[in-house]
Each structure stands twice: as structure tokens, then as C-alpha cells.
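Peer 1: A single structure is presented below for examination.
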Amino acid sequence: MFPGLALDLLILSRWDYKKACPMPGKPTYTPAELAYQIEIYLSRNPDAADTLEGVTRWWLQDLPGRICRQDVVTALKLLEDQKEIRTYLVPGSNRIYENCNRIRH
């Protein structure tokens, strides 16, 4: 298992399958395609930082079709491994994902 992925998977395991993957059938996007779309979002919004839920809801909001949160977790891990994004935990909150080029204020 990837470091940092356990917490996200724990959060996902608490979600109802229909909420995580609301439409029946195969997801519309692969994790690699989602990673590419996240990179596009970050190029347009370099100061973006959000939780897994926020990434799914806001960073990928323009994508039509079915998006599984599990695939978003995998996409984020791919980008983290490529040093495109970094993550950190906010005490008492969730993991935050942000652009590696983002300057924290």
C-alpha cells in the first residue's frame, strides 16, 4: 500500500458505494486520465489546495460521465509520485492535496 493512501481508503470505505460511484457500469475515466485532468486544473489554478472530496467535486467538475473516488485517489497518488502534487494532514481534518509549485502563505 502507498504511504498516505490508507487514510484516504479508510475514508472511502465509510462511503456508500452508490455515493462513491453513483452510476452503474464502468467508470468513464482511468486514473491516468483523471491525473491528466487534475494537471490541467492545477495549471489553471496553481494555488489550489483541497481534500479528496473537494478534488473530486471541484477540480474534476467539468468532466462528464462517471468518476469513481477510488480512481481519483489513484490519480492523486500518481501525481504525488511524479512530484506534481504534495499532501499534508490538517490536524483534526482530512488530507489536503496541493500543487507542488504552490507557495503557502
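Peer 1: Residue by residue, what Karplus-based ³J(HN,Hα) values in Hz, rounded to whole numbers, does region 49-61 have, using 6.51, -1.76 and 1.60 with θ = phi - 60° and x for Gly and Pro?
Peer 2: Per residue, the Karplus-derived 3J(HN,Hα) values read 8, 7, 7, 4, 4, x, 4, 5, 6, 9, 5, 10, 5 Hz.
Peer 1: Using the Kirkwood radius built from alpha carbon pairs, what does the Stokes-Einstein equation give as D for region 44-105 at 4 °C and 1.567 mPa s, in µm² per second?
Peer 2: Estimated diffusion coefficient is 106 µm²/s.
Peer 1: So, one more: What does the C-alpha gyration tensor say about the overall shape of region 22-77? Classify as rounded when a/c is under 1.5, otherwise prolate if a/b is larger than b/c, or oblate.
Peer 2: prolate
Every read-out reported here was derived from the displayed coordinates using simple, explicitly stated rules and does not represent laboratory data. Quantities reported herein were computed from a predicted structural model and do not represent experimental measurements.
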